[in-house]
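First up is the structure itself, then whatever we jot down about it.
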Amino acid sequence: MALLGVNIDHVATLRQARRGMQPDPVLAAQTCLGAGADSIVAHLREDRRHIQDGDVVLLKKTLHAKFNLEMSIDREIVGIACKVKPDQSTLVPEHRQELTTEGGLDVTGNRSNVAAAVGRLHDAGIEVSLFIDPDVKQIIAAKKTGVTMVELHTGRYADAKTPFVRKRALRQLREAVKAGVDNGIHVFAGHGLDYDTILDVARIKEIEEFNIGYAIICRSIMVGLDRAVREMKALIV
Ligand code: PXP
C-alpha cells in the first residue's frame, strides 16, 4: 500500500491572507497525522508566500512522522534546510510568478547545480528526492546526481482536459515509474491529484508515496480536515 504525504502549504496560505496566527499549519499537520497521513510536506518558498521559517522549525521539533521539506536549489534555502534537518527534502523548480510548482526540475539541463544541492543536503544527513516530469531522460539524470528517490509530477495527468490526453499522460507516468524502478530509484508522485484522479495512479503499485495538498485542504473546508485526510487515505489502496 502506498503512503500518503499531506502538503500543508495551503493552510499557511490562508493564514498569510491576514498575516495572523490562524489557521496554524503545525496544528493542521498533527490533525493530518492523527487521521492517518504518513508524512507531512511543506514548501519553504523563496518569496515566503505561505510557509514561514518559524513553521519549518516547529514542524521539525513537533512531528512524529516523516517531515518532507520542499524547496528550490537556491543556496540560502538549502542552507536553512541543512540547519533544520528535515527527514527528507524534495528539490523543486521555483518561479516567482507561478501560482504553484509548474513542471518538474530540469535535471538534464542543470545537473551540476542540482548535484551540488543534493550533495550539501546529503552531507547534512538529509534524504533528497527530485521532483521531475515523468520523463526517462530526467530519471537517468536524477540518478547521476546521487539521489535514490524521485517524485514524478502528475500535473499533466491530473489537469488533462480530455480522456485521450489523460490516458496518454497515464501511460507516460507508467513508463517513467518503470524506468525509475529499473534504475533502482524509489518513485513517489504528486501534484494536482484529487479524489477522482488518485484512483488510476493509485493502481500503479510501484509508486511508494503520493503527496497531495490542494484537494485535501479544499475538501477540509466542507467536511473537516480529519475526514478529508481519511477519505483520501482510503483511496490509496
Ligand atoms: N509534490 C510536490 C513536489 C509539490 O510541489 C506539490 C505542490 O506544492 C505537491 C506535491 C502537492 O500538489 P497539490 O497541492 O496540487 O496536491
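Just a few scattered comments:
- Among the residues listed as Glu98, Glu76, the single one being within 16 Å of the ligand (Cβ to nearest atom) and either at pLDDT below 95 or open to solvent by 10 Å² or more (accessible area, probe 1.4 Å) (or both): Glu98
- Selection from the stretch 131-145 of residues that are away from the ligand (no atom under 14 Å from the Cβ), open to solvent by 10 Å² or more (accessible area, probe 1.4 Å) and in contact (Cβ under 8 Å) with a residue 40 or more places away in the chain: Asp135, Val136, Ile140, Lys143
- Single residue of Pro93, Pro86 found to be farther than 24 Å from Thr62 by Cβ and open to solvent by less than 80 Å² (accessible area, probe 1.4 Å): Pro93
- Residues in the stretch 40-52 that are free of Cβ contacts under 8 Å to residues at least 40 places away in the same chain and exposed (fewer than 13 other Cβ atoms within 10 Å of the Cβ): 1 in all.
- The set of residues in the stretch 11-33 being in a helix (DSSP H, G or I) and open to solvent by 60 Å² or more (accessible area, probe 1.4 Å) consists of Thr13, Leu14, Leu27, Gln30.
- Which numbered condition Val128 misses (of (1) touching a residue at least 40 places away in the same chain (Cβ under 8 Å); (2) in a loop (DSSP other than H, G, I, E, B)): (2)
- Qualifying residue in the stretch 114-123 (condition: acidic (Asp, Glu) and either within 18 Å of the chain's Cα centre (by Cα) or within 21 Å of Leu173 (Cβ to Cβ) (or both)): no
- Matching residues in the stretch 178-237 - criterion: being within 15 Å of the ligand (Cβ to nearest atom), more than 22 Å from Ala160 (Cα to Cα) and open to solvent by 20 Å² or more (accessible area, probe 1.4 Å): His186, Glu208, Ser220, Ile221, Leu225, Glu231, Lys233
- The stretch 46-73, residues that are in a loop (DSSP other than H, G, I, E, B), within 27 Å of Arg111 (Cβ to Cβ) and at pLDDT 95 or above: Ser72, Ile73
- Top-ranked residue in the stretch 146-165 [being open to solvent by less than 90 Å² (accessible area, probe 1.4 Å), away from the ligand (no atom under 16 Å from the Cβ) and not aliphatic (A, V, I, L, M); ranked as nearest to the chain's Cα centre (by Cα)]: Thr148
- Every pair of residues 6+ apart whose Cβ atoms lie under 7 Å, when the first sits in the stretch 187-200 and is part of a loop (DSSP other than H, G, I, E, B) and among the small types (Gly, Ala, Ser) while the second is more than 8 Å from the ligand (Cβ to nearest atom) and open to solvent by 10 Å² or more (accessible area, probe 1.4 Å): Gly192/Asp159
- Applying the criterion of being in a loop (DSSP other than H, G, I, E, B) and among the small types (Gly, Ala, Ser) to the residues of the stretch 34-45, the residue that is farthest from the chain's Cα centre (by Cα) is Ala35.
- Among (1) at pLDDT below 95; (2) touching a Pro at 6+ places or on another chain (Cβ under 8 Å), the one test that Phe131 misses: (1)
The values are calculated or read from the model by the stated rules, or taken from the named source; none is laboratory data. In this text the structure is predicted, and so the values were computed from the model without any measurement. Cβ atoms come from the backbone with ideal geometry, glycine included; neighbour counts cover every protein chain shown. Calculation scope for accessible area: heavy atoms of the full protein, side chains included, ligands and nucleic acids excluded. Shrake-Rupley method; radii C 1.70, N 1.55, O 1.52, S 1.80 Å.
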